[in-house]
Amino acid sequence: MDVINETPFPFVEFESRTPTDRFHTLVLQGTFAIARDHLHALTDQPAVRVKNEYCGEPGRSSLTLESALAPYKRATDIHVNAVARAARRAREWPVSLCVGKIVKRLRVRGWHVWRYQDGAWHRTLPEPCREVRICYELAFGGSYEHKGELVRYEENPYGTGWIHDRTPTEHDIAAPQIVADDEPEHEPGGTYRPAGLGPMVGSQEQRTFCSSASAGLACPGYLWGDEQIELSNLGAPGVRRFSLPNVWLNALLDYGDDVVITRILVLNTLHIDVADANPTRHWVLLTWRCVFPADPAPRRVIARATEDAHSENRVGPPQT
């Protein structure tokens, strides 16, 4: 099977299997720079990202960028790799992300700890700062070794601030620096949903098969382009707005004998990277994907793009 790519975006194609089926997945991925209120595609497009990228050691830290090799997704995953930044030093400040109708609000805090004194845990006051990395290592969760056994908070084993009856008391425990905006103050012994914006790894209990979005950041029905994005205190102090590009991708499945079937490549992963201190180095990665049966396989697949939101070339319902 030949793949003819008439788009400016790189692609990968691979076969996947279930206990009862075989199917092909075609993935196209576009990298865009953030320029004021819009995105523009890079002239030299990097290859499709086929490896996970991590905050630290692979398998022992959270994800910063997810591989594009998921066979399919039933919604658009929204991932953000970011540093929260304030205009001046503060103990705490709000951050938020809006993508179309999806809104997620967090609060970030400076470094502070849980300290065991006089028979009880007490939380220190956050230290003033201007930057907090948005990663699951700074969200609620954690792991401890107890009598040679590893005890993990399964929703986020990479996090911090989880206190239970077997938590060692001889050392301070770093308190979470990232919490949900509407979350009550944490109490020792309480359990809380880890707050974040980035992709979750497979060992995090919240993750569902093929979908890796943080809670509230999976868009049912998919994103289709033109949605406005608003970042508040993410990447840079203040509010920043831009829109997704109005790009539509189709795959023409040519089976020969004038049999051609058109499939939409749905936009099912949006990755926003605003971690760099230099805003001119912020970027967005869009991943489009479609699946089709492996038996029979088409003779060739032609990927095409259009930038017209109302084009008649937008054919067929989303394929998942």
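Quick notes
- The value of relative contact order for segment 36-159, using C-alpha pairs under 8 Å at least six residues apart, is 19 percent.
- With Cα atoms as the point set, the radius of gyration and Dmax of segment 26-117 evaluate to 17.5, 58 Å.
- Extension gain, THR306 to VAL259, is 14.7 nm, computed as 0.36 nm per intervening residue step minus the present C-alpha separation.
- As a proxy for reagent exposure, ranking ASP37, ASP182, ASP77 by other Cβ atoms within 10 Å from fewest up yields ASP182, ASP37, ASP77.
- Remark on segment 32-78: ratio of C-alpha radius of gyration to 2.2 N^0.38 Å is 1.46.
- Largest GNM mean-square fluctuation among LEU267, LEU28, LEU150, using the chain with Cα springs under 10 Å: LEU150.
- Extreme residue, positive dipole direction of the chain, given options GLY142, GLY216, ALA277 (C-beta unit charges): ALA277
- Whole-number percent relative contact order across segment 2-306, with pairs defined as alpha carbons under 8 Å at least 6 apart: 26 percent
- Taking the inverse of the mean reciprocal distance over all distinct Cα pairs, the Kirkwood hydrodynamic radius of segment 80-189 comes to 15.0 Å.
- Mean separation of Cα contacts under 8 Å (6+ apart) over length of segment 87-182, as relative contact order %: 31 percent
- In whole angstrom, segment 154-291 maps to an equivalent ellipsoid with semi-axes of 39, 21, 12, each derived as √(5λ) from the alpha carbon gyration tensor and ordered largest first.
- Annotation: aspartates and glutamates with alpha-carbon distance below 16 angstrom to LYS101 (same-chain offsets under eight excluded): ASP77, ASP226, GLU227, GLU230.
- At 0.692 mPa s and 37 °C, Stokes diffusion of segment 2-306 via Kirkwood alpha-carbon radius, µm² per second: 157 µm²/s
- Using only side-chain charges placed at the Cβ, +1 for Lys and Arg and -1 for Asp and Glu, the dipole size of segment 2-306 relative to its Cα centre rounds to 600 debye.
FYI, it's all coordinate maths here, none of it is from the lab. All of these numbers come straight from a predicted model, not from anything done at the bench. Glycine also receives a Cβ, built like all others from the backbone with ideal geometry; neighbour counts cover every protein chain displayed.
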